[in-house]
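Reading through the C-alpha coordinates given below for one structure.
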Amino acid sequence: MSAEGRIPLVDLGAQYRAHKDELDAALRRCLESTSFIGGPDHEAFGRDFADFCGGGSTALCGNGTDALALALRELLGPGDGQGEVVTVSHTFVASVEAIELAGWKPRLVDVRRDTGLLDPAALAAAIGPRTRAILPVHLYGQMVDMEAVCALARRHSLPVIEDAAQAHGATWAGKGPGQWGDAACFSFYPGKNLGAWGDGGAVVSRDADLIARIKKRADHGRASKYLHELSGTNSRLDGLQAAVLRVKLRHLKDWNEKRRRVAGWYDQLLTGVRGVERMSVAAQATPVFHLYVVLVEKRDEVLAGLKARGVDAGTHYPVPVHEQPAFRHLGLSPGDLPVTHDLARRCLSLPIYAELERAQAERVVAALLTTLAG
Ligand SMILES: *Cc1c(COP(=O)(O)O)cnc(C)c1O
(Lines give C-alpha, C1' and ligand atoms only; values in the text may rest on other atoms or scores of the structure.)
Protein backbone atom coordinates (compact mmCIF):
# COMPACT_ATOMS: atom_id res chain seq x y z
CA MET A 1 0.00 0.00 0.00
CA SER A 2 2.67 2.48 1.05
CA ALA A 3 4.75 1.84 -2.06
CA GLU A 4 1.93 2.97 -4.36
CA GLY A 5 -0.60 5.75 -4.65
CA ARG A 6 -0.14 9.48 -4.28
CA ILE A 7 1.91 10.79 -1.42
CA PRO A 8 0.08 13.77 0.08
CA LEU A 9 1.78 16.69 1.84
CA VAL A 10 -0.10 15.73 5.02
CA ASP A 11 -2.32 12.72 5.61
CA LEU A 12 -4.99 13.42 8.20
CA GLY A 13 -6.89 10.30 7.14
CA ALA A 14 -4.02 8.01 8.16
CA GLN A 15 -3.96 9.64 11.60
CA TYR A 16 -7.70 9.21 12.04
CA ARG A 17 -7.63 5.54 11.00
CA ALA A 18 -4.80 4.83 13.45
CA HIS A 19 -6.72 6.27 16.44
CA LYS A 20 -10.35 5.99 15.30
CA ASP A 21 -11.76 4.09 18.29
CA GLU A 22 -10.28 6.43 20.86
CA LEU A 23 -11.32 9.55 18.96
CA ASP A 24 -14.85 8.34 18.18
CA ALA A 25 -15.38 7.40 21.84
CA ALA A 26 -14.24 10.85 23.02
CA LEU A 27 -16.61 12.55 20.58
CA ARG A 28 -19.51 10.32 21.63
CA ARG A 29 -18.90 11.12 25.32
CA CYS A 30 -18.92 14.83 24.50
CA LEU A 31 -22.14 14.52 22.48
CA GLU A 32 -23.88 12.53 25.21
CA SER A 33 -22.91 15.05 27.90
CA THR A 34 -23.78 17.97 25.53
CA SER A 35 -20.63 19.82 26.67
CA PHE A 36 -20.47 21.92 23.54
CA ILE A 37 -18.96 25.04 25.13
CA GLY A 38 -16.62 24.52 28.09
CA GLY A 39 -17.06 21.23 29.94
CA PRO A 40 -14.73 18.58 31.34
CA ASP A 41 -12.65 17.98 28.19
CA HIS A 42 -12.11 21.73 27.81
CA GLU A 43 -10.90 22.03 31.42
CA ALA A 44 -8.72 18.94 31.22
CA PHE A 45 -7.21 19.75 27.83
CA GLY A 46 -6.20 23.24 29.01
CA ARG A 47 -4.35 21.74 31.98
CA ASP A 48 -2.82 18.89 29.96
CA PHE A 49 -1.58 21.27 27.28
CA ALA A 50 0.15 23.56 29.80
CA ASP A 51 1.81 20.48 31.32
CA PHE A 52 2.90 19.37 27.86
CA CYS A 53 4.45 22.82 27.35
CA GLY A 54 6.47 22.48 30.55
CA GLY A 55 4.20 24.40 32.93
CA GLY A 56 2.13 27.54 33.27
CA SER A 57 -1.50 27.84 32.27
CA THR A 58 -3.52 27.86 29.09
CA ALA A 59 -6.21 30.08 27.62
CA LEU A 60 -7.95 28.10 24.90
CA CYS A 61 -9.43 30.17 22.09
CA GLY A 62 -11.01 30.00 18.66
CA ASN A 63 -7.89 29.86 16.47
CA GLY A 64 -4.19 30.69 16.37
CA THR A 65 -4.68 34.16 14.92
CA ASP A 66 -6.94 35.11 17.83
CA ALA A 67 -4.45 33.59 20.28
CA LEU A 68 -1.79 35.98 18.98
CA ALA A 69 -4.11 39.00 18.85
CA LEU A 70 -5.49 38.33 22.34
CA ALA A 71 -2.00 37.91 23.84
CA LEU A 72 -0.83 41.13 22.18
CA ARG A 73 -3.94 42.97 23.38
CA GLU A 74 -3.51 41.91 27.01
CA LEU A 75 0.25 42.39 27.15
CA LEU A 76 0.40 45.74 25.34
CA GLY A 77 -3.05 47.24 25.90
CA PRO A 78 -5.18 48.60 23.06
CA GLY A 79 -3.05 49.53 20.07
CA ASP A 80 -2.39 53.11 19.01
CA GLY A 81 -1.51 52.23 15.40
CA GLN A 82 1.98 53.70 15.89
CA GLY A 83 3.80 51.45 18.33
CA GLU A 84 5.63 48.66 16.53
CA VAL A 85 5.73 44.92 17.02
CA VAL A 86 8.76 43.37 15.34
CA THR A 87 8.30 40.10 13.48
CA VAL A 88 9.27 38.39 10.22
CA SER A 89 7.81 38.54 6.73
CA HIS A 90 8.80 34.91 6.03
CA THR A 91 5.79 33.44 7.86
CA PHE A 92 2.13 32.64 7.46
CA VAL A 93 0.24 35.91 7.07
CA ALA A 94 -1.53 35.48 10.44
CA SER A 95 1.60 36.41 12.43
CA VAL A 96 1.35 39.87 10.90
CA GLU A 97 -2.46 40.11 10.74
CA ALA A 98 -2.63 39.53 14.50
CA ILE A 99 -0.46 42.59 15.13
CA GLU A 100 -2.84 44.76 13.11
CA LEU A 101 -5.90 43.10 14.68
CA ALA A 102 -4.54 44.14 18.07
CA GLY A 103 -4.10 47.69 16.76
CA TRP A 104 -0.30 47.81 16.49
CA LYS A 105 2.06 48.31 13.59
CA PRO A 106 4.02 45.36 12.16
CA ARG A 107 7.73 45.99 11.71
CA LEU A 108 8.99 43.23 9.42
CA VAL A 109 12.60 42.08 9.46
CA ASP A 110 14.65 39.57 7.50
CA VAL A 111 15.44 35.97 8.42
CA ARG A 112 18.56 33.83 8.61
CA ARG A 113 19.48 32.14 5.34
CA ASP A 114 20.38 28.81 7.00
CA THR A 115 17.22 28.25 9.08
CA GLY A 116 14.69 30.67 7.59
CA LEU A 117 14.03 31.99 11.10
CA LEU A 118 14.13 35.47 12.63
CA ASP A 119 17.63 36.92 12.41
CA PRO A 120 18.60 38.30 15.85
CA ALA A 121 20.93 40.84 14.21
CA ALA A 122 18.06 42.18 12.06
CA LEU A 123 15.86 42.25 15.16
CA ALA A 124 18.45 44.25 17.12
CA ALA A 125 18.73 46.74 14.25
CA ALA A 126 14.93 47.20 14.11
CA ILE A 127 14.43 47.95 17.80
CA GLY A 128 13.89 51.65 18.40
CA PRO A 129 11.82 54.12 20.43
CA ARG A 130 8.55 52.95 18.79
CA THR A 131 9.11 49.25 19.51
CA ARG A 132 6.52 47.75 21.87
CA ALA A 133 7.05 43.99 21.54
CA ILE A 134 8.90 41.19 19.77
CA LEU A 135 7.00 38.39 18.01
CA PRO A 136 9.37 35.55 17.03
CA VAL A 137 7.88 32.86 14.75
CA HIS A 138 9.04 29.28 15.32
CA LEU A 139 8.53 28.46 11.65
CA TYR A 140 8.61 24.91 10.22
CA GLY A 141 8.70 23.54 13.80
CA GLN A 142 12.10 24.91 14.78
CA MET A 143 12.40 27.43 17.58
CA VAL A 144 14.06 30.79 17.04
CA ASP A 145 17.26 31.46 19.03
CA MET A 146 15.34 32.43 22.17
CA GLU A 147 18.46 33.18 24.19
CA ALA A 148 19.30 35.95 21.73
CA VAL A 149 15.68 37.19 21.50
CA CYS A 150 15.13 37.23 25.27
CA ALA A 151 18.48 38.97 25.90
CA LEU A 152 17.41 41.77 23.54
CA ALA A 153 13.94 41.88 25.09
CA ARG A 154 15.41 42.25 28.59
CA ARG A 155 17.82 44.96 27.49
CA HIS A 156 14.97 47.00 26.00
CA SER A 157 12.23 45.94 28.48
CA LEU A 158 10.04 44.50 25.72
CA PRO A 159 7.52 41.68 26.02
CA VAL A 160 8.00 38.61 23.82
CA ILE A 161 4.99 36.91 22.22
CA GLU A 162 5.97 33.62 20.58
CA ASP A 163 4.17 32.42 17.46
CA ALA A 164 4.32 28.69 18.17
CA ALA A 165 1.58 27.71 15.69
CA GLN A 166 4.02 25.31 13.98
CA ALA A 167 6.04 24.31 17.05
CA HIS A 168 4.00 22.24 19.55
CA GLY A 169 6.66 20.30 21.44
CA ALA A 170 9.75 21.98 19.95
CA THR A 171 12.50 23.19 22.28
CA TRP A 172 15.41 25.62 22.35
CA ALA A 173 18.11 24.65 24.87
CA GLY A 174 15.64 22.15 26.34
CA LYS A 175 12.79 24.61 26.93
CA GLY A 176 9.69 24.96 24.77
CA PRO A 177 7.47 27.84 23.69
CA GLY A 178 5.91 29.57 26.68
CA GLN A 179 8.97 28.91 28.86
CA TRP A 180 10.93 31.72 27.14
CA GLY A 181 8.59 34.51 26.16
CA ASP A 182 5.78 36.21 28.08
CA ALA A 183 3.27 34.16 26.12
CA ALA A 184 3.31 31.49 23.43
CA CYS A 185 0.47 31.22 20.93
CA PHE A 186 -0.57 27.97 19.29
CA SER A 187 -2.90 27.02 16.47
CA PHE A 188 -4.83 23.74 16.31
CA TYR A 189 -5.72 24.11 12.63
CA PRO A 190 -6.21 20.53 11.35
CA GLY A 191 -2.85 20.26 9.58
CA LYS A 192 -0.73 21.51 12.51
CA ASN A 193 1.33 19.01 14.55
CA LEU A 194 -1.56 18.99 17.03
CA GLY A 195 -4.67 19.57 14.95
CA ALA A 196 -8.36 19.78 15.81
CA TRP A 197 -11.22 18.81 13.49
CA GLY A 198 -11.83 22.46 12.79
CA ASP A 199 -10.30 25.64 14.16
CA GLY A 200 -8.70 26.08 17.55
CA GLY A 201 -5.95 27.96 19.33
CA ALA A 202 -4.29 28.53 22.69
CA VAL A 203 -2.13 30.94 24.63
CA VAL A 204 0.28 29.40 27.15
CA SER A 205 2.06 31.49 29.75
CA ARG A 206 3.70 31.26 33.15
CA ASP A 207 1.74 34.44 34.01
CA ALA A 208 -1.55 33.11 35.45
CA ASP A 209 -3.04 36.60 35.64
CA LEU A 210 -2.38 37.21 31.93
CA ILE A 211 -4.07 33.90 31.08
CA ALA A 212 -7.07 34.77 33.24
CA ARG A 213 -7.45 38.10 31.40
CA ILE A 214 -7.18 36.42 27.98
CA LYS A 215 -9.78 33.80 28.96
CA LYS A 216 -12.11 36.57 30.06
CA ARG A 217 -11.53 38.67 26.93
CA ALA A 218 -12.16 35.62 24.72
CA ASP A 219 -15.50 34.93 26.42
CA HIS A 220 -17.24 38.31 26.10
CA GLY A 221 -15.28 39.79 29.01
CA ARG A 222 -17.28 37.64 31.42
CA ALA A 223 -16.47 37.50 35.13
CA SER A 224 -19.56 35.32 35.58
CA LYS A 225 -22.56 34.39 33.43
CA TYR A 226 -24.23 37.82 33.48
CA LEU A 227 -21.37 40.04 34.62
CA HIS A 228 -19.15 41.48 31.88
CA GLU A 229 -16.01 43.14 33.22
CA LEU A 230 -14.38 43.84 29.86
CA SER A 231 -15.61 44.57 26.39
CA GLY A 232 -14.35 41.37 24.84
CA THR A 233 -15.05 39.05 21.96
CA ASN A 234 -16.15 35.50 21.25
CA SER A 235 -13.13 33.32 20.62
CA ARG A 236 -13.73 30.04 22.42
CA LEU A 237 -12.52 26.53 21.71
CA ASP A 238 -15.62 24.37 21.51
CA GLY A 239 -16.12 21.20 23.54
CA LEU A 240 -15.94 18.79 20.60
CA GLN A 241 -12.58 20.21 19.51
CA ALA A 242 -11.30 20.00 23.10
CA ALA A 243 -12.36 16.34 23.25
CA VAL A 244 -10.49 15.55 20.02
CA LEU A 245 -7.42 17.53 21.06
CA ARG A 246 -7.28 15.91 24.48
CA VAL A 247 -7.06 12.46 22.87
CA LYS A 248 -4.57 13.59 20.24
CA LEU A 249 -2.31 15.32 22.79
CA ARG A 250 -1.53 11.90 24.29
CA HIS A 251 0.08 10.94 20.98
CA LEU A 252 1.85 14.19 20.18
CA LYS A 253 5.24 13.22 21.62
CA ASP A 254 5.22 10.04 19.58
CA TRP A 255 4.07 11.85 16.42
CA ASN A 256 6.80 14.47 16.80
CA GLU A 257 9.36 11.71 17.28
CA LYS A 258 8.14 10.05 14.08
CA ARG A 259 8.31 13.35 12.19
CA ARG A 260 11.94 13.68 13.32
CA ARG A 261 12.58 10.18 12.02
CA VAL A 262 11.11 11.12 8.62
CA ALA A 263 13.26 14.27 8.58
CA GLY A 264 16.27 12.08 9.35
CA TRP A 265 15.51 9.90 6.33
CA TYR A 266 15.24 12.95 4.06
CA ASP A 267 18.47 14.37 5.51
CA GLN A 268 20.23 11.13 4.75
CA LEU A 269 18.73 10.60 1.30
CA LEU A 270 19.43 14.19 0.24
CA THR A 271 22.99 14.42 1.51
CA GLY A 272 25.29 15.35 -1.33
CA VAL A 273 22.44 15.78 -3.82
CA ARG A 274 23.31 18.66 -6.13
CA GLY A 275 20.68 21.32 -6.61
CA VAL A 276 18.92 20.65 -3.30
CA GLU A 277 19.83 22.82 -0.35
CA ARG A 278 18.64 21.60 3.06
CA MET A 279 17.65 23.95 5.90
CA SER A 280 19.86 23.89 9.00
CA VAL A 281 18.91 22.95 12.53
CA ALA A 282 20.70 24.88 15.26
CA ALA A 283 22.63 22.82 17.84
CA GLN A 284 20.39 24.10 20.67
CA ALA A 285 17.16 23.32 18.80
CA THR A 286 15.02 20.19 18.88
CA PRO A 287 12.56 20.80 16.06
CA VAL A 288 9.23 19.05 15.50
CA PHE A 289 9.28 19.34 11.70
CA HIS A 290 5.86 20.77 11.07
CA LEU A 291 7.37 21.10 7.61
CA TYR A 292 10.47 19.70 5.93
CA VAL A 293 11.72 22.42 3.62
CA VAL A 294 14.45 22.36 0.99
CA LEU A 295 15.58 25.06 -1.43
CA VAL A 296 15.67 24.45 -5.17
CA GLU A 297 15.98 26.57 -8.30
CA LYS A 298 12.97 26.72 -10.67
CA ARG A 299 10.83 25.71 -7.70
CA ASP A 300 7.47 25.88 -9.48
CA GLU A 301 8.71 23.55 -12.22
CA VAL A 302 10.02 21.13 -9.59
CA LEU A 303 6.70 21.31 -7.77
CA ALA A 304 4.84 20.45 -10.98
CA GLY A 305 7.31 17.65 -11.77
CA LEU A 306 6.74 16.10 -8.35
CA LYS A 307 3.00 16.35 -8.78
CA ALA A 308 3.21 14.56 -12.11
CA ARG A 309 5.10 11.78 -10.31
CA GLY A 310 2.48 11.39 -7.60
CA VAL A 311 4.08 13.53 -4.89
CA ASP A 312 2.20 16.50 -3.44
CA ALA A 313 4.81 18.96 -2.21
CA GLY A 314 4.08 22.49 -0.99
CA THR A 315 5.54 25.98 -0.70
CA HIS A 316 5.77 27.77 2.65
CA TYR A 317 5.48 30.52 1.73
CA PRO A 318 5.74 31.50 -1.94
CA VAL A 319 4.82 35.18 -1.46
CA PRO A 320 6.25 36.84 1.65
CA VAL A 321 3.92 38.98 3.73
CA HIS A 322 5.64 42.24 2.70
CA GLU A 323 4.99 41.38 -0.97
CA GLN A 324 1.28 40.61 -0.44
CA PRO A 325 -1.26 43.13 -1.78
CA ALA A 326 -2.87 43.27 1.69
CA PHE A 327 0.34 44.63 3.23
CA ARG A 328 1.36 47.15 0.58
CA HIS A 329 0.66 49.87 3.16
CA LEU A 330 3.72 48.74 5.12
CA GLY A 331 5.72 50.37 2.34
CA LEU A 332 8.30 47.62 1.84
CA SER A 333 9.61 46.47 -1.53
CA PRO A 334 10.88 42.95 -2.29
CA GLY A 335 14.52 44.05 -2.11
CA ASP A 336 14.11 45.38 1.44
CA LEU A 337 14.14 41.83 2.81
CA PRO A 338 16.44 40.02 0.37
CA VAL A 339 16.81 36.71 2.24
CA THR A 340 13.04 36.44 2.70
CA HIS A 341 12.51 37.19 -1.00
CA ASP A 342 15.03 34.52 -2.00
CA LEU A 343 13.61 31.83 0.33
CA ALA A 344 10.09 32.48 -0.95
CA ARG A 345 11.31 31.94 -4.51
CA ARG A 346 13.11 28.64 -3.79
CA CYS A 347 11.34 26.94 -0.84
CA LEU A 348 9.79 23.53 -1.36
CA SER A 349 8.05 21.55 1.41
CA LEU A 350 8.31 17.76 1.10
CA PRO A 351 5.53 15.51 2.47
CA ILE A 352 5.91 14.92 6.19
CA TYR A 353 3.63 13.35 8.80
CA ALA A 354 4.00 10.74 11.52
CA GLU A 355 2.61 7.87 9.42
CA LEU A 356 4.91 8.48 6.43
CA GLU A 357 7.00 5.39 5.84
CA ARG A 358 10.61 5.00 4.79
CA ALA A 359 9.58 3.60 1.39
CA GLN A 360 7.47 6.71 0.79
CA ALA A 361 10.32 9.04 1.75
CA GLU A 362 12.48 7.13 -0.74
CA ARG A 363 9.83 7.58 -3.44
CA VAL A 364 9.65 11.32 -2.71
CA VAL A 365 13.41 11.69 -3.06
CA ALA A 366 13.49 9.50 -6.19
CA ALA A 367 10.77 11.67 -7.74
CA LEU A 368 12.74 14.78 -6.80
CA LEU A 369 15.95 13.43 -8.35
CA THR A 370 14.16 12.43 -11.57
CA THR A 371 12.52 15.83 -11.78
CA LEU A 372 15.80 17.65 -11.24
CA ALA A 373 17.57 15.46 -13.86
CA GLY A 374 14.81 16.14 -16.41
C1 LIG B 1 -1.35 28.43 11.33
C2 LIG B 1 -0.55 29.60 11.71
C3 LIG B 1 -1.11 30.71 12.38
C4 LIG B 1 -2.58 30.96 12.52
O5 LIG B 1 -3.31 29.99 13.06
P6 LIG B 1 -4.90 29.85 12.69
O7 LIG B 1 -5.33 28.84 13.70
O8 LIG B 1 -4.98 29.37 11.30
O9 LIG B 1 -5.53 31.17 12.91
C10 LIG B 1 -0.25 31.71 12.81
N11 LIG B 1 1.07 31.65 12.59
C12 LIG B 1 1.64 30.62 11.93
C13 LIG B 1 3.11 30.62 11.72
C14 LIG B 1 0.85 29.58 11.45
O15 LIG B 1 1.43 28.57 10.79
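The values are calculated or read from the model by the stated rules, or taken from the named source; none is laboratory data. Computed from a predicted model, the values in this text were never measured in an experiment. We place every Cβ from the backbone using ideal geometry, glycine too, and count neighbours over all the protein chains shown. Heavy atoms of the whole protein, side chains included, go into the accessibility calculation; ligands, DNA and RNA do not. Shrake-Rupley method; radii C 1.70, N 1.55, O 1.52, S 1.80 Å.
Do you know the relative contact order of the chain, to the nearest whole percent, from alpha carbon pairs under 8 angstrom that are 6+ apart?
On the way: 786 pairs, mean separation 83.9, N = 374.
Once divided by the residue count of the chain, the mean separation gives 22 percent.
Carbon-plus-sulfur fraction of the accessible area of the chain, 1.4 Å probe, in percent?
On the way: 8080 of 15760 Å².
After summing per-atom areas, the C and S share lands at 51 percent.
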Per-residue HN-Hα couplings for region 113-118, Karplus 6.51 cos²θ - 1.76 cosθ + 1.60 at θ = phi - 60°, whole Hz, x for Gly and Pro? 5, 6, 10, x, 9, 2
Under a 1.4 angstrom probe, counting protein chains only, how are Leu9, Leu372, Leu123 ranked by accessible area, largest first? Leu372, Leu9, Leu123
Could you pull out the pairs from Lys192/Lys215; Lys20/Lys192; Lys215/Lys248; Lys20/Lys216; Lys175/Lys248 whose alpha carbons sit more than 27 Å apart here? Lys20/Lys216
Considering all projection directions equally, how large on average is the shadow of the alpha-carbon convex hull of region 110-231, in square nanometres? 9.3 nm²
Label 7 Å along Cα→Cβ of Arg113; region 268-308 residues with amide nitrogen under 15 Å? 277-280, 295-297
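By the gyration tensor of its Cα atoms, with a ≥ b ≥ c the square roots of the eigenvalues, what is the shape of the chain: rounded for a/c under 1.5, prolate for a/b over b/c, or oblate?
Judged from the Cα gyration tensor, the chain comes out oblate (a/c at least 1.5, b/c at or above a/b).
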Tell me, what is the per residue accessible area of region 6-69 in Å², probe radius 1.4 Å? 49 Å²
Long-range amide H contacts for His228: which residues qualify at under 5 Å (H placed 1.01 Å from N, peptide plane, sequence gap of 5 or more or a different chain)? Ala223
What FRET efficiency, computed as 1/(1 + (r/R0)^6) with R0 = 41 Å and r the Cβ-Cβ distance, is obtained for Tyr226 and Leu9, rounded to the nearest 0.05? 0.30
Sort region 190-313 into rounded, prolate or oblate with this rule: let a ≥ b ≥ c be the square roots of the eigenvalues of the Cα gyration tensor; rounded if a/c is under 1.5, and if a/c is not under 1.5, prolate when a/b is larger than b/c, oblate otherwise. prolate
Quick one: Cα centre-to-centre distance for region 241-283 and region 70-149, in angstrom? 25 Å
In Å², and per residue, what accessible area does region 169-219 have when probed at 1.4 Å with the other protein chains present? 32 Å²
